Structures are given as C-alpha cells and as structure tokens.
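For reference, the structure discussed in these notes is given below.
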Amino acid sequence: MAVKAAGNVTFTLGGTDLTDNISEAQLNAAVAELNTSNLGSGDEEYEPGQRSWDGTFTVVNWTKAIDTILYNATTTKATAVLTATDSGSNTVTYTWTSEAFVTGYSVGGAVGDLVQTSPTIRFSGAPTRA
C-alpha cells in the first residue's frame, strides 16, 4: 500500500519536532556519475560516484522558535530525523537520521497568507536508515 503523507510523516531538527509547523518534508539523494569511457569504448561508460544528501521542508507556521532553530542550524550541525509510516495493514516505519545544517532559507508571505519558508538542509554523510 502507498504511504500517505498527512499524519504519517514527521520531521525533527536539533531535537525539536517540527511536524506541526510544516506542510512538507523531503529527503533528496544524488549520485555523481563518473565517466569511465576509454578509447576502446563504443559508447560512454559510467560508474556511480559519491552520494550527496539534502532535504527540504516547508514551514507554514513561522514562529520565533522556528527562527531560532533555523538560524542556529546555519552554523552548527543538528540531528535531523525524517520518518514516514506506511498506513497499511502491515505498518512499517521508515526513519532517516543524520547530522545536518541549514544551507539557506527565505522568509516571506503574501496578503492573506501565512508567513512561510522552505529551508534546504545538507546532510553530512549518508543518513542512517531504520
């Protein structure tokens, strides 16, 4: 069964549960492509290289506490934990944990909207998976 996001995804940063203040959280993985082609190659050949991990989340309830958490995480690594729970009959929880820091965020809003931000965080090494 598919994993439903609402109510089944949680996110903490630096020990603070941000779940009730965010509408979205995402973990991204990228793999460098190493070109191993040689003069005898008929086509380009590649091998996987280093992995890179980052994440994004959308804050829809801006508070002084959120501001402090994000600001502090721009200069000091904080533990980031993302969990997703399958809502099917065979409930399974997936957890990714890593030290991370905030690489950037903008704060803004529009008339009639909440003040929001969508920070990007960089994971230091591969997250542990459970």
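List of remarks:
- Reported count of residues in region 63-76, each being at pLDDT 95 or above and part of a loop (DSSP other than H, G, I, E, B), is 4.
- Filter result (more than 25 Å from Tyr105 (Cα to Cα) and either at pLDDT below 95 or aromatic (Phe, Trp, Tyr) (or both)) within region 45-62: Tyr46
A quick yes/no check of all residues on (1) among the small types (Gly, Ala, Ser); (2) surrounded by 13 or more Cβ atoms within 10 Å (Cβ to Cβ):
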| site | (1), (2) |
| --- | --- |
| Ser23 | yes, yes |
| Leu34 | no, no |
| Ser37 | yes, no |
| Asn61 | no, yes |
| Thr75 | no, no |
| Ala80 | yes, yes |
| Thr93 | no, no |
| Ala100 | yes, yes |
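- Inspection of region 34-42 identifies no residue that is within 16 Å of the chain's Cα centre (by Cα) and over 30 Å from Gly112 (Cα atoms).
The values are calculated or read from the model by the stated rules, or taken from the named source; none is laboratory data. Values in this document were obtained by computation on a predicted structure and should not be read as measured data. Please note: Cβ atoms are built from the backbone with ideal geometry, for glycine as well, and neighbour counts cover all protein chains shown.
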